[in-house]
Amino acid sequence: MGAQIRRVREYHNLTQQAVCGRSGIDVATYSRIEQGHASPRLDTLIRIADAIGVQLAELVATTSESSAPPG
């Protein structure tokens with residue numbers, strides 16, 4: 001999940017610091033989430049999605065889901 005969060009953040013040209021500033025999440029905690037060393041709670045995922053400006057589903061979609069054609 002951390003790798004997907006990082007991909008979405010980078011796609012939106014945001015730094016970790018920018019996401020943390022918008023979400024109120026500590027930079028060290030956020031970094032651990034992206035590295036896969038911490039599992040975020042649902043409320044934290046919602047805050048991250050809001051900070052990036054995406055729907056929660058986009059943030060947590062697996063690679064195969066995010067590249068699947070709509071249908």
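The values are calculated or read from the model by the stated rules, or taken from the named source; none is laboratory data. Note that the structure is a prediction, hence the values are computed from the model and not measured. Reconstructed Cβ throughout: ideal geometry from the backbone, glycine too, with neighbour counts over all protein chains shown. The protein model used for the area step is the full one, side chains on, heavy atoms only, and it has no ligands, DNA or RNA in it. Shrake-Rupley method; radii C 1.70, N 1.55, O 1.52, S 1.80 Å.
Dipole check for the chain: with +1 at the C-beta of Lys and Arg, -1 at the C-beta of Asp and Glu, and the Cα centre as origin, the magnitude is about 120 Debye.
Could you tell me what percent of the accessible area of the chain is made up of carbon and sulfur, with a 1.4 Å probe and every protein chain present?
Details: 2300 of 4480 Å².
With neighbouring chains kept in place, the figure for the chain is 51 percent.
At a probe radius of 1.4 angstrom, the accessible area of the chain per residue rounds to 63 square angstrom. Residues whose amide H comes within less than 5 Å of that of Ala38, counting only those at least five positions distant or on another chain, are Ile33 (H built at 1.01 Å from N in the peptide plane). Working note: Karplus 6.51/-1.76/1.60 with θ = phi - 60° gives region 8-17 the couplings 5, 4, 5, 4, 8, 6, 10, 8, 4, 4 Hz, where Gly and Pro are set to x.
Between Val27 and Tyr11, the contour length at 0.36 nm per residue exceeds the alpha carbon distance by 3.9 nm.
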